[in-house]
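S.K.: Dropping a structure here in C-alpha cells format, bear with me for questions.
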Amino acid sequence: MIVAKLIDTTLCIGCKACEVACQEWNDQEYTLGTFNGSYQTMPDLAHNFWNLIRFNEVERNGAQSWVMSKYQCMHCAEAGCIAACPAPGAITQMANGTVDFVHENCIGCGYCITGCPFDVPRLSPATKKVYKCSLCSDRTAVGLEPACIKTCPTNCLTFGERDELLRSAEIRTRELKADGHAQAGIYNPAGVGGTNVIYVLNDATQPEQYGLPKDPEIPWTVRLWKGPLKALGAMVFMGSILGAFFHYVIFGPQDPEKHGHPEEEPTHEA
Amino acid sequence: MKLDEIRIPRFDAYERVMHWMAALSFVYAALTGLALWTPVLYWLASLSGGGFVIRGTHPWSGVLFSVVIGWMYRRWAKTMYLDADDRVWLTRLDKYATHQHGALPPSGRFNAGQKMLFWSQVATGLLLLVSGVVLWFPEEMPRGLRLAAIAAHPLAAIGSIGGILVHIYMGTAAVPHSMRAILRGWVSPEWARFHHPKWYKVWRDSANLR
C-alpha cells in the first residue's frame, strides 16, 4: 500500500502548528529564525528544519493575497535524490513509497541536493550528513500518522492510502470549481512519476506561485551521469585495458634492434 | 668508454618527484572518484576508509593533482608544442602502433603521443578542477552550475583515466626501460637514439661526440 500526504492549500490558515509538531517529534535543536519582512518562520528549509509553511505573497485579481504552501520532501515515486546517490543504502524507498535517508550510510557528498528537483535535502555542517522530512517513518511504521498531520487543526493535511487521497483531492477540486475557482486542480507532477505529497491548489495553472516547480523531473545531466556516461566509461576503461593487453599479445614491446631506423648510423664510441 | 655504458640523463630528480606526485594523487583521486560515481563501484571506497572518509579526501587529492599539473605545465609546456615532424607523426599513429618506426619522422625529447597526453591532461585537469570545486560545495554553488558540473566531471574523468591507462601501458610493458627512466632518471644512448632521435642528437652534440 502506497501512503501519501494530501495538502489542501485552500484550507491552510498559516498557524504553523505543523512546523512545531515536526520540530518536536523529530527532536530538532532550537534555531533562532530570521526576520525577513515576512510572516514565514524561516527563509528556507534547513538541516534541522524539515517543514516550512511558505507565506507567498501574490497579486491576484488586482488584490494582494497570501498563497500558503507547505514546503517539505515530496517523496517522489522516481526520486532524483536516489538517482544521484552513490552510497548503497543511504537513501531507501520503502514499500509504502516513503523516501527516507539512512544516516549511518550517508557520506555527505551532497549529490542528492543536486539531484532533487524540489531543492529539499540540506547538509548539516556539524554531522556532514544530509537531512530532510522522513514522512515520520518512525510513526507510520507503528500505525501512527505523521506529526504534522496529527496536529493540523483545519484538516488541511490528511494522511492515508494514496489512491484514496487522490479521489478526495478530485472531489475537493470539483467543489472548488463549483465555488468559482476555475483554475483549481491537483499537483501530482508526472515528471517524477507522481509524488506521495499531493497538493490541492486553487490555481493549478501557476504552481510557481506556491513555490512548486511547474514540470519537475530528474535533471537530464543526472540521468546522463548515471546512464550513458557509465556505459561510455566502461567502454573506454575496458577498451583501454583490453586494447593494451592484446596489443602486447600481438605486437609485443618496442625493440630498437628489431624496429630501428635502417638509415641511421649505428652507435658511436666516445 | 663504450657507448652502452653511458647513461644519458633523461629526468632529473625534480621532474621525477613531480611525475610521481602526479601519478600517486591521480591514482588516489581516480579510485575514490570511481567509488563516488556509482553504487556499483562503491566498494572501492573501502580501500581508503569508506565513503565518509573519501568524501573528505577525494577533493583534496584532486587539488594536489591540479597543483602538480600546474607545476608540470610550468616545467614542460614549452617542450610540448607540436612541431612539423610531430604533426606528420600523428597522422602515422598506426605505423607507431605496429612498430614500423622507419616510417615515422624523428621525435624530440617527447614524441607527439606524449605531447598529446600532456595537453589532454592539462585540459581535463582544468575541467576536473573547476567542476570538482562546484561539486565540493553543493550548498554554496548555484544549481545550474552544479547540474553542468555533475556531467562534466565524469566526462573529463573518462578522458583523463582513458589516457592514463594507455600511458601506463606505454611506460611499463610497451616501451622497455622507460620505467627506469622515470624512476632513476637515465636511459641508454641506444634507447635515446631509437625513441627520441632529435633529442639524442642534441645530447650527442653537446657531449662532444662525433
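S.K.: Relative contact order of chain B, please, whole-number percent, based on alpha carbon pairs below 8 angstrom and at least 6 residues apart.
M.R.: 29
S.K.: What base-10 log of the normalised intensity I(q)/I(0) is obtained for the protein assembly as shown from the Debye formula, alpha carbons as equal point scatterers, at q = 0.07, 0.12 Å⁻¹?
M.R.: -0.53, -1.02
S.K.: Taking the Cα centre as origin and putting +1 on Lys and Arg beta-carbons and -1 on Asp and Glu beta-carbons, what dipole magnitude results for the stretch A:117-193, to the nearest 20 debye?
M.R.: So the dipole magnitude of the stretch A:117-193 works out to roughly 380 debye.
S.K.: Residue by residue through the stretch B:190-202, what is 3J(HN,Hα) from phi via Karplus (6.51 cos²θ - 1.76 cosθ + 1.60, θ = phi - 60°)? Round to whole Hz and write x for glycine and proline.
M.R.: 4, 4, 5, 5, 6, 8, 9, x, 5, 5, 4, 5, 4
S.K.: For the stretch B:112-210, what size does the Cα cloud have along each of its three principal axes, sorted from largest down, in whole Å?
M.R.: 65, 27, 22
S.K.: Another question about this same structure. Please turn the phi angles of the stretch A:190-207 into ³J(HN,Hα) values with the Karplus equation 6.51 cos²θ - 1.76 cosθ + 1.60 (θ = phi - 60°), one per residue in order, whole Hz, x for glycine and proline.
M.R.: Working through the residues one at a time gives 6, x, 10, x, x, 10, 8, 10, 10, 10, 9, 10, 7, 9, 6, 7, 10, x Hz.
S.K.: Running a GNM on chain A with Cα contacts under 10 Å, which residue among A:His247, A:His181, A:His103 ends up with the highest mean-square fluctuation?
M.R.: Maximum among the listed residues: A:His247.
S.K.: For B:Asp85, tell me the accessible area in Å² from a 1.4 Å probe, rounded to the nearest 10.
M.R.: 50
S.K.: Can I ask one more? Where does chain A land on Rg/Rh, using Cα atoms and the Kirkwood Rh?
M.R.: 1.25
S.K.: Let me know the mean shielding of A:236-248 by other chains, meaning the per-residue number of their Cβ atoms within 10 Å of its Cβ.
M.R.: 4
S.K.: Which value at 222 nm does chain B reach when only helices count, each DSSP H run of 4 or more adding -39,500 (n - 2.57), with the total divided by all residues and rounded to the nearest 500 deg cm²/dmol?
M.R.: For chain B, the value works out to -22000 deg cm²/dmol.
S.K.: Using a 10 Å cut-off on Cβ to Cβ distances, tally the other chain neighbours for every residue of A:210-220 and report the average as a whole number.
M.R.: Taking all residues of A:210-220 together, the mean is 1.
S.K.: Here is a further query. Using a 10 Å cut-off around each Cβ of peptide A:99-109, what is the average number of partner chain Cβ atoms that fall inside?
M.R.: Per residue, the average neighbour count from other chains is 3.
S.K.: Roughly how large, in nm² to one decimal, is the mean projection of the convex hull of the alpha-carbon atoms in the stretch B:20-206?
M.R.: Computing the convex hull of the Cα atoms and averaging its projections yields 12.7 nm².
S.K.: Here's a follow-up. A 18 angstrom limit on the alpha carbon distance is what I want to check against. Which of A:Lys16/A:Lys70; A:Lys70/A:Lys214; A:Lys132/A:Lys214 exceed it?
M.R.: A:Lys132/A:Lys214
S.K.: Once phi is turned into ³J(HN,Hα) by the Karplus curve 6.51 cos²θ - 1.76 cosθ + 1.60 with θ = phi - 60°, what whole-Hz value does each residue of the stretch B:98-108 show in order, with x for glycine and proline?
M.R.: Per residue, the Karplus-derived 3J(HN,Hα) values read 9, 6, 9, 5, x, 8, 9, x, x, 9, x Hz.
S.K.: Taking chain B as a Gaussian network, where each spring joins two C-alpha atoms under 10 Å apart, which residue of B:Phe65, B:Phe118, B:Phe11 fluctuates the most?
M.R.: So, out of B:Phe65, B:Phe118, B:Phe11, the one fluctuating most is B:Phe11.
S.K.: At most 15 other Cβ atoms within 10 Å and a DSSP loop assignment: could you name the chymotrypsin sites (Phe, Trp or Tyr not before Pro) in the stretch A:212-255 that fit?
M.R.: none
S.K.: With Cβ to Cβ distances under 9 Å as the rule, what net charge do the other residues near A:Gly108 carry (K, R +1; D, E -1)?
M.R.: Its environment carries a net charge of +3.
The values are calculated or read from the model by the stated rules, or taken from the named source; none is laboratory data. Since the model is a prediction, treat every value here as computed from it, not as a measurement. Glycine also receives a Cβ, built like all others from the backbone with ideal geometry; neighbour counts cover every protein chain displayed. Areas reflect the complete protein model, heavy atoms only, side chains present, ligands, DNA and RNA absent. Shrake-Rupley method; radii C 1.70, N 1.55, O 1.52, S 1.80 Å.
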